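Please see the structure below; I have some questions.
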Amino acid sequence: MSATATAPAPAPQAQPEAQRGSPVVGWLKSQYALYILVALLLVATITRGSIFWGGTNLTNLLLQMSIIGVVTLAELIVVLTGGIDISVGSALGLAAVIAAGLFGGPSVFLGLVVALIIGAIIGAVNGFLVSFRGLEPFIVTLGMLALARGLVYAYGNGIPINPTAAASYAKLGQTTIIGIPVLAIIWLVMVALIAFLLYRTVWGRRVYAIGSNVEAARSSGIPVKTTLWSVYILAGLLVGLGGWMFLGRFASGTSTAGNLLELEAIAAVVIGGARLSGGYGKVFGAVVGTIIFAVIANLLSLLNVSTFLQDAFRGALILVAVTLATIQFSRKRRATAPAAK
Amino acid sequence: MSATATAPAPAPQAQPEAQRGSPVVGWLKSQYALYILVALLLVATITRGSIFWGGTNLTNLLLQMSIIGVVTLAELIVVLTGGIDISVGSALGLAAVIAAGLFGGPSVFLGLVVALIIGAIIGAVNGFLVSFRGLEPFIVTLGMLALARGLVYAYGNGIPINPTAAASYAKLGQTTIIGIPVLAIIWLVMVALIAFLLYRTVWGRRVYAIGSNVEAARSSGIPVKTTLWSVYILAGLLVGLGGWMFLGRFASGTSTAGNLLELEAIAAVVIGGARLSGGYGKVFGAVVGTIIFAVIANLLSLLNVSTFLQDAFRGALILVAVTLATIQFSRKRRATAPAAK
Amino acid sequence: MTTSTSPDGRPDEPEVLFRATGVKKHYPGVKALDGVDLEGYAGEVLAVCGANGAGKSTFAKLLAGVQPLTEGEIQIAGFPHPVRNAAEAEQAGVLMMFQEPLIIDDFTVGENVWLYKLREGRDIRPWATKVDANSDETRRVLAKVGLGGLRTNQLARDLGPGQRQMLSLSRAEVTTHKIMILDETTASTSEEHFNDILDLVRRERGAGTHIMFVSHRLNEVFAMSDRIAVLRNGLLVDVLKTSETNPDEVTTLMIGQALKALDRPKPAQTEGKQPLVSVRDLHGGTAAGVSFDVFPGEVVGLYGLVGSGRSSVGRTITGQKKAASGTILIRGEEVALSSPGQALDKSVVYLTEDRRLEGFVKDFDNGENMSLVVLPKWSKGGVIDATKERSRVRELIDEFQVKGGPKTYTSSLSGGNQQKVVIAKWLESDPDFVVLDEPTKGIDVGARSNIYEIIHGVAAREKGVLVISSEAEELLSLCHRILVMRNGQIVAEFDPAEADTDDLIRTALTHQD
Amino acid sequence: GQIYPSSAPAQGPAGGVQPDVSKVVVGFAQQQLQAPYFAAMQVQSEQIAKDKGFKLLFQAANKDPAIQLNQMQAMMAQGANVLVVNATSVKGQKEMMTQVASKIPVIYIDTGVPGTGTTSVSSDNLTIGRESGKITAKRFLDMGKQSIKMVILTGPATDEFVGPNRRQGFLDGLKEGGLQYEIKGEQSGDYAQDKGQVAAENMLAANPDTDLVLGLNDSMALGGYNVVNGKEQYKNVYVAASADGQKEALALIKSGGCNGRYISTGLNSPSLAAEQALGYAVDIATGVKKPADYPPESFTKAVGIGCENIDEYYDPKSIF
Ligand SMILES: Nc1ncnc2c1ncn2[C@@H]1O[C@H](COP(=O)(O)OP(=O)(O)OP(=O)(O)O)[C@@H](O)[C@H]1O
Ligand SMILES: Nc1ncnc2c1ncn2[C@@H]1O[C@H](COP(=O)(O)OP(=O)(O)OP(=O)(O)O)[C@@H](O)[C@H]1O
Ligand SMILES: [Mg+2]
Ligand SMILES: [Mg+2]
């Protein structure tokens, strides 16, 4: 296990400047995700400004990104360890369906507890196999992806499960506090929580260390296995929370809940600057990534782009965005050292 | 760029035996994918022996794995470089649809040329962005996944495209030579070709070198970028071929062609023993992986497992299979050096 | 192997093989090289000396085209224009041996030898590989660099750092080149391998190759080189003829002051004390039945050839690797240390010899790397006390003379400075017992005495230190007691006051059994 | 050699006529299970098989023709006498189904592949949509609106047949009912409630003066209902589906009465279709009828459901 080779040349974000020069300028330079977002917002303003910035649409946008936002945080912490979790979508579905169906889904609070437990169990299984059995995260979570989705279908025979407390869930999903939907507030609280854990605690430092150089982490006495396990469990909890938020938003545990969310979450994490081989990535980037994809989807809808073309647009946007980012980067690179490190 | 950290502990396949002892025994020991397959075949024989081993079913099985088999080979060479290609399914769809639709799809041969060209273009774009722009393969191919699928939809407005030569395609797909379907023969020829390229040519050695340690490869004067590019182009060609084979099998370019194939291909590659961080993996393993997933799907169908539960079973099988593999592995590991490296 | 201008190995009319003029290399915030003019001649060994971070590796990398110049140019004889990248440098005939050897782990030893056959250009042989990987030729080449014992079809992944270094060196035997750069190739090799390197260098030099040799070991520099170029802070201070200078002059040029000769340490007072660590009949890795004690306040040295089992001992007694059998007692109490974490709980730590793989976290800055081990102590309820971390890291950087700030990425430091960061990381945890595996690997002579002082400081607080080193001289001037290993066993014990380098080397080499 | 030497449709059950119903094996190749309608069809079919005593092999294909072919082949390998197929692609499966149907009688349910197989039992999506459209038109006219602005929640891009028919039918129904309409937006809701809800949110934000959210099935319309329900700014937005008759939707129509926000839907009963198709299958397998006895197409009952006839169709205990 010597040199990594996920990308032939290090990805832009993978190349930290040797000296963290002027902090503000340096920070701004590396925030290309932010520029993509700004560009998108400009496009939105020009094409559909009044509607896009309207209160209704902003509320919608916030709602649309809060669930995926929480899932993206889960994906981020896993990616930071050098892993990947493609089961987040299915796990969210399972948490939502069981929270809606268990005991008939009599209360919103009970639903939260159930969803968190389901999420934690899935995360614990993934994490156990990855950390204690040393399996590839991709294949483990691929298995879990199929397993959890299968259980979703089997639990409700494919028919949506409406909890007894559907009305309370619907109410929760619509409630706003000073104009901000509670679901969005939950997301933002989670953002703050994960940022705190990653940047301010010993645990967070260890997560980065493991992702960057697992050998060095181990030989420095860091409990690699338990830390890794805790990462997957925390990710599971976040996903469970996402499942519960799904109920709050849609008031029904549909069998497609969370479908393909994993791709969006990974994309958001990566476009936000995290490195898939681990050790590098910021919460802020993940949040920006989340917003980018939510704005893209929203904008394509607002522009009433044909269903046939939406996927093509989305794909082309991703390609253009990441390519532009490297152009900026390679200019910077020419100024410094290419083969450095 | 020093130590990689995709998996916390090296995955089983990532840790080749410290000492290559008796070659045959050593080889057999590391072929846990083969054991999974044997176990599956045993289960198949016990539960549904007469049907499973019947001529009809074997022909079906061969047909069912030939397309995904070719795609898995494409995935393998990309994974060997430490990359990943999640656009294979969409690219296959696009190749199939355009081969079916361009000039009305008048001839099978023209279709082959078109499909190969489409595949090569997609591969070239992916490869260019990955090797020359240094982007993360995951995000590039994610963009391509959406873009190609979107173009599939847009090309036919979501409606399947039946080539003028549909009947010839259909004939091709069901032709057999000494009882073996031509499509399966094409697959096997590709297996031989890729094995030859990987094991017998300088190019193949370069692929492994790049995947294992890109810095060392570069400083040894290996043309890293062009080699990487060629890998993605070759992968694209294989996927294009797969798209053409799709037409042979289904005689129609449906807009779902190749949907989710990427997950299966990656899973087959990984279960076949390749390491996602690159540098390690065998063609034989990828073939065994392909067969494993085809047999699982076939068996679940033959056992008439409820559709609701099929996903769950498939997921559970993956988890059990890879976990069992590590149990064997950890026993082996205990025998040699445990915490070494 | 290529040009032949040297009738007797010492050209009177030197043929210039490379000429660097006004070479500058600036990294953001660092002027690694700031205007260097240097020539290299055919058939000579040019040693490049300088303190850590002086710019030696940087110059070597520029010459090898691995990194682009900021300013100036380097002309290589026979090549039409200044080289711009690694591929061109290679065409021009430059062979670089990196400080961290570049080995493809998933290839066999044999394949790694012949790696250059995969390179671009006319050497491509499209339909035939593998030809040489297991041939007699390969074995002969390996034997020349002291790796005759390896099987050619063994995976390179399983080699230790010293073996990796020699393996990458074996490529010199199979490629054609005019200039060979050895960047601290000897830092992780022992005397035994030094002789192989010396032979290699002599052969190359005889064939008219220019050899650039970077090392902190002045005895090697004087044994090998024809000229010595001294760098300081990115500037070329002087180029001296080896025959006309002495180590003192070179050190003075390097670090701006003469180095006082190191005294042999006074024997430690161990009478009547309970051993801090007792190892009994330890087996594990290449260690086969090792027993010894380390007393509080003692610095014990462990000497031996590469592969004699020193690192295996160090790793097994610090939980880095599980012991196959044997007992380890700490203060008379038997312990089972099955992970570095457990060892850390017992205040037992191991400084790795493999900096690249286990030393530091590449995405961490110096501050984060230095605090990695002690972080729990600098935090309350798992929350890091940022102020404390910041101030303590500053102190450490000063104490260990690290050239770089707390926010500099450790991976961008020069090799020696990285080593200082790693040492600081471990010693800051204030261990009761510390195993230092090749602690001064790549550290310059000036900083070296500073590190020795720190090590003695640790011992003075009644802690135990075990130093593993391939440099007999170093152990003699650092340790209270020296154990010599051979074939996985301890075969002799020396009092540094009564032994010299020859004694150690002879004991390590002799095959009495 | 050739795997399917002939392309003529099979003229008798595979494996020969099987007079004993308990020995009959019917394969049901469902196109997907991602919407309640299809899931309900499975539950119904299993019940019917139990009642009649034949063996049912049921598989669903995740909307993918390739998977569906594999599943049909596996059913044939298991000795199915007749296949009931809900095709995944009307146009894309022509050759495939010609091949399959040359070995075994194929009865299509819900979605068929014209020109292949024995017969097709489907709901007439065009008519169902029209009936629902008429009810919606009447309701708006009653409220005094001569023309409305509407947004439509459609199926995925792969929806080549059912969705477009339901859409066209509903629009025809509006016109027949005398209501003018203007379509302000169309977005895919993938026939799922959550996706439909998001699409409706966006379209309503872009077109706040919308009067009607049309879902091509009830799941999506229910998502649309979630958006407008209880929101002041959408108090004049109504919801309708062009087909399905899902229980939750019927419940809303019933509870809202003739002032409700959920105006209408169309009856597309999974049980009616399943009963008819499986009946045909058993008849062919047991030799009661020959494949040639059936017309190429037959339709299940088509009605629109609104506040006035809701009681006939609402059954709180039904699974769909
Ligand atoms: N990639 C890089 N980015 C930023 N600074 C760098 C980089 N590489 C080297 N430097 C800086 O350049 C200076 C010279 O480094 P160099 O590696 O040439 O030193 P050296 O003389 O080889 O030292 P040592 O004896 O420790 O190996 C150091 O201060 C180092 O921090
Ligand atoms: N059986 C083994 N399998 C795998 N790795 C081993 C084995 N034995 C030793 N090693 C590792 O190989 C390296 C060589 O260590 P060893 O103890 O054999 O020699 P050494 O005297 O330390 O020599 P060197 O100077 O090369 O470190 C160490 O890093 C050790 O952990
Ligand atoms: Mg150096
Ligand atoms: Mg050692």
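The numbers here are math on the coordinates, done by the rules we state, and not lab data. Just so you know, these numbers come straight off a predicted model, no measurement behind them. When we count neighbours, we look across all protein chains shown, and the Cβ atoms used for this are built from the backbone with ideal geometry, even at glycine.
Run the label-point distances for B:VAL38 please: 7 Å along Cα to Cβ, every other copy, nanometres, shortest first.
Inter-copy label distances (nm, one decimal, shortest first): 6.3.
Now for a separate question. Enumerate the whole-percent occupancy of each 20 Å bin, from 0 to the last occupied one, for all C-alpha pair distances of chain D.
Final binned percentages: 34, 50, 16, 0.
Could you work out Rg/(2.2 N^0.38 Å) for segment C:429-489, with Rg from alpha carbons only? Write down the numbers at each step before the final one.
Working: Rg = 11.9 Å, N = 61, 2.2 N^0.38 = 10.5 Å.
In units of the 2.2 N^0.38 Å rule of thumb, it is 1.13.
How far, in nm, would the chain grow between C:ASN487 and C:LEU329 when pulled straight, counting 0.36 nm per residue and subtracting the alpha carbon separation? Walk me through the intermediate numbers first.
On the way: separation 158, 0.36 × 158 = 56.88 nm, distance 2.35 nm.
Extra length available between C:ASN487 and C:LEU329 comes to 54.5 nm.
Now for a different question. Amide H of C:VAL435: which non-local residues (sequence gap of 5 or more, or other chain) have their own amide H closer than 5 Å, using H built in the peptide plane?
C:VAL349, C:TYR350, C:LEU351, C:LEU466
If the convex hull of the alpha-carbon atoms of chain C is projected onto planes in all directions, what is the mean projected area in square nanometres?
Details: hull surface 101.0 nm².
Over every viewing direction, the Cα hull of chain C projects on average to 25.2 nm².
To test your reading of the geometry: what angle, between 0 and 90 degrees and rounded to tens, separates the Cα axis of helix D:247-256 from the longest principal axis of chain D?
Result, in degrees: 30.
Which whole number gives the average count of other chain Cβ atoms within 10 Å of the Cβ atoms across peptide D:3-15? Working shown, then result.
Working: counts 10, 4, 1, 0, 3, 0, 0, 0, 0, 0, 0, 0, 0.
For peptide D:3-15, the averaged partner shielding equals 1.
For segment D:245-320, what does the equivalent ellipsoid look like in terms of its semi-axes, each the square root of 5 times an eigenvalue of the Cα gyration tensor, given largest first in whole Å? Spell out each step's value before the answer.
Working: eigenvalues 237, 30, 10 Å².
So the equivalent ellipsoid measures 34, 12, 7 Å along its semi-axes.
For A:ILE185, which inter-copy label distances result when the label point lies 7 Å beyond Cα on the Cα-to-Cβ vector, reported in nm to one decimal and in ascending order?
7.0
Label position 7 Å from Cα toward Cβ: report the copy-to-copy distances for A:PHE132 in nm, one decimal, ordered from shortest.
5.0
Give A:LYS225/C:LYS425; A:LYS225/C:LYS420; D:LYS134/D:LYS317; B:LYS225/C:LYS56; C:LYS346/C:LYS380; C:LYS61/C:LYS420 a once-over and call out the pairs whose C-alpha atoms are over 25 Å from each other. Each step should come with its number before you reach the end.
Values: A:LYS225/C:LYS425 22 Å; A:LYS225/C:LYS420 28 Å; D:LYS134/D:LYS317 28 Å; B:LYS225/C:LYS56 29 Å; C:LYS346/C:LYS380 21 Å; C:LYS61/C:LYS420 22 Å.
From A:LYS225/C:LYS425; A:LYS225/C:LYS420; D:LYS134/D:LYS317; B:LYS225/C:LYS56; C:LYS346/C:LYS380; C:LYS61/C:LYS420, over 25 Å: A:LYS225/C:LYS420; D:LYS134/D:LYS317; B:LYS225/C:LYS56.
Express the relative contact order of segment D:110-243 as a whole percentage, based on alpha carbon pairs under 8 Å and six or more residues apart in sequence. Each step should come with its number before you reach the end.
On the way: 278 pairs, mean separation 36.7, N = 134.
Worked out over segment D:110-243, it gives 27 percent.
Convert each backbone phi in segment D:17-28 into a coupling constant with the Karplus relation 6.51 cos²θ - 1.76 cosθ + 1.60 (shift: θ = phi - 60°), then list the ³J(HN,Hα) values in order as whole Hz, x for Gly and Pro.
5, 10, x, 8, 4, 5, 9, 6, 10, 10, x, 10
Reachable lysines from D:LYS231, Cα under 25 Å, same-chain residues fewer than 8 places away excluded?
Leaving aside lysines fewer than 8 places away in the same chain, those within reach of D:LYS231 are A:LYS171, D:LYS138, D:LYS145, D:LYS149, D:LYS184, D:LYS195, D:LYS247, D:LYS254.
Restricting to bridges with both residues inside chain C, how much of the DSSP beta-bridge set is antiparallel, in percent to the nearest 5? Show your work: numbers first, answer last.
Values: 43 of 79 bridges.
Bridges in chain C are about 55 percent antiparallel.
Binning at 10 angstrom from zero up to the longest distance, how are the C-alpha pair distances of segment D:1-122 distributed in percent?
Reading upward from the zero bin: 14, 48, 32, 5, 0.
To the nearest µm²/s, what D does Stokes-Einstein give for segment D:76-194 at 4 °C and 1.567 mPa s, using the Kirkwood radius over alpha carbon pairs as Rh? Display every interim value, and only then the final one.
Values: Rh = 16.3 Å.
Estimated via Stokes-Einstein, D reaches 79 µm²/s.
Report, ordered by chain and residue number, the aspartates and glutamates lying within cross-link reach of C:LYS25, taken as a straight Cα distance under 15 Å and ignoring same-chain residues fewer than 8 apart.
Partners found: C:ASP34, C:ASP37, C:GLU71, C:GLU73.
Related question: Pick out which of A:SER107, A:SER252, A:SER66 has the largest mean-square fluctuation in a Gaussian network model of chain A, springs linking Cα atoms closer than 10 Å.
For chain A, modelled as a Gaussian network with Cα springs under 10 Å, the answer is A:SER107.
Between C:THR21 and B:LEU110, what is the label-to-label distance in nm when each label sits 7 Å out along the Cα-to-Cβ direction?
The modelled label-to-label distance comes out at 6.4 nm.
Could you name the lysines in cross-link range of B:LYS282, using Cα to Cα under 17 Å and dropping any fewer than eight places away on the same chain?
B:LYS29, C:LYS130
At 25 °C and 0.890 mPa s, what whole-number value in µm²/s does Stokes-Einstein give for the translational diffusion of segment C:217-366, with Rh from the Kirkwood sum over Cα pairs?
Once the numbers are plugged in, D ends up at 128 µm²/s.
Taking all pairs of different Cα atoms in the protein assembly as shown, averaging 1/r and flipping that mean, what Kirkwood radius in angstroms comes out?
Details: mean 1/r = 0.0287 Å⁻¹.
Over the protein assembly as shown, the inverse of the mean reciprocal pair distance is 34.9 Å.
Here's a follow-up. Given that compact globular proteins tend to follow 2.2 N^0.38 Å, what is the ratio of the alpha-carbon Rg of segment D:112-181 to that value?
Values: Rg = 14.6 Å, N = 70, 2.2 N^0.38 = 11.1 Å.
Ratio of Cα Rg to 2.2 N^0.38 Å: 1.32.
Quick one: work out Rg over Rh on the C-alpha atoms of segment D:174-316, Rh as Kirkwood radius.
Details: Rg = 18.4 Å, Rh = 16.8 Å.
Reported Rg/Rh (Cα atoms, Kirkwood Rh): 1.10.
Now for a different question. Where does chain C land at 222 nm, in deg cm²/dmol rounded to the nearest 500, when only DSSP H runs of n ≥ 4 count, each adding -39500 (n - 2.57), divided by all residues? Mind dumping the intermediate values first?
Working: 16 runs with 153 residues, N = 513.
When only DSSP H runs of four or more count, the value is -8500 deg cm²/dmol.
Please give me the summed charge of the neighbours of A:ALA148: other residues whose Cβ is under 12 Å from its Cβ, Lys and Arg +1, Asp and Glu -1.
Working: positive: A:ARG149, B:ARG314; negative: A:ASP85, A:GLU262, B:ASP311.
Combined, the nearby Lys, Arg, Asp and Glu give -1.
Let me ask another. Can you bin segment A:96-197 into rounded, prolate or oblate? Criterion: square roots of the alpha carbon gyration tensor eigenvalues sorted a ≥ b ≥ c, rounded for a/c under 1.5, prolate for a/b above b/c, oblate for the rest. Provide the component values of the computation, followed by the final result.
Details: a/c = 2.63, a/b = 1.29, b/c = 2.04.
Oblate shape, in that a/c is at least 1.5 and b/c is the bigger or equal ratio.
Let me ask another. What distance in nm separates the two pseudo spin-label positions at B:THR175 and B:LEU197, each 7 Å out from Cα along the beta-carbon direction?
Here the answer is 2.4 nm between the modelled labels.
So, one more: Please sort through the DSSP H helices of chain B and keep those with an alpha-carbon extent of at least 18 Å along the long axis and a Kyte-Doolittle average not below -1.0. Could you put the intermediate results ahead of the total?
Numbers: long enough: B:32-52 (26 Å, 1.88); B:55-80 (35 Å, 1.65); B:88-101 (19 Å, 1.96); B:108-127 (28 Å, 2.47); B:137-156 (28 Å, 1.38); B:182-200 (26 Å, 2.55); B:224-250 (39 Å, 1.24); B:283-302 (28 Å, 2.34); B:307-335 (43 Å, 0.49).
Counting only whole DSSP H runs, the qualifying helices are B:32-52, B:55-80, B:88-101, B:108-127, B:137-156, B:182-200, B:224-250, B:283-302, B:307-335.
Of D:ASP110, D:ASP311, how do they rank once you tally other Cβ atoms within 10 Å and put the fewest first? Could you put the intermediate results ahead of the total?
Working: D:ASP110 25, D:ASP311 10.
Lowest to highest Cβ neighbour count: D:ASP311, D:ASP110.
Here's something else I'd like to know. Just from its helices, what would the mean residue ellipticity at 222 nm be for chain A, if runs of 4 or more DSSP H residues each count -39500 (n - 2.57) and the sum is divided by every residue, rounded to the nearest 500 deg cm²/dmol?
Working: 14 runs with 241 residues, N = 341.
Using -39500 (n - 2.57) per qualifying helix, the result is -23500 deg cm²/dmol.
Right, something else. Quick one: if the Förster radius is 56 Å, what FRET efficiency do D:LYS149 and B:TYR35 give, using the C-beta to C-beta distance and rounding to 0.05? Kindly include the intermediate steps, with their values, before the conclusion.
On the way: r = 64 Å, r/R0 = 1.14.
Using R0 = 56 Å, I get an efficiency of 0.30.
Highest first, please rank the peptides D:125-131, A:39-45 by the mean number of other Cβ atoms sitting within 10 Å of their residues. All intermediate terms of the calculation are to be shown ahead of the outcome.
Numbers: D:125-131: 25.9, A:39-45: 15.9.
By packing density, highest mean first, the sequence is D:125-131, A:39-45.
Follow-up. Pop a pseudo-label 7 angstrom from the Cα along the beta-carbon direction at both A:THR45 and D:ASP311 and give the gap in nm to one decimal.
About 5.9 nm separates the two model spin labels.
Hey, another quick one. Say a paramagnetic label sat at a point 7 Å from the Cα of C:ARG390, along Cα to Cβ; which residues of segment C:347-364 have their backbone N under 20 Å from it?
Counting backbone N atoms under 20 Å from the label point, the list is C:364.
Is segment D:168-246 best put as rounded, prolate or oblate by its Cα gyration tensor, with a ≥ b ≥ c the root eigenvalues, rounded for a/c under 1.5, and otherwise prolate when a/b is larger than b/c, oblate when not?
Values: a/c = 1.66, a/b = 1.17, b/c = 1.42.
Oblate.
For helix D:162-176, report the angle its Cα long axis makes with the longest principal axis of the Cα atoms of chain D; keep it between 0 and 90° and round to the nearest 10°.
40 degrees
Taking the Cα atoms only, what angle lies between the long axis of helix C:386-399 and the longest principal axis of chain C, rounded to 10 degrees?
Between helix and principal axis, roughly 60 degrees.
Same structure again: Per the Debye formula with a single identical scatterer at each Cα and no solvent contribution, what log10 I(q)/I(0) holds for chain A at q = 0.10, 0.12 Å⁻¹?
-0.61, -0.88
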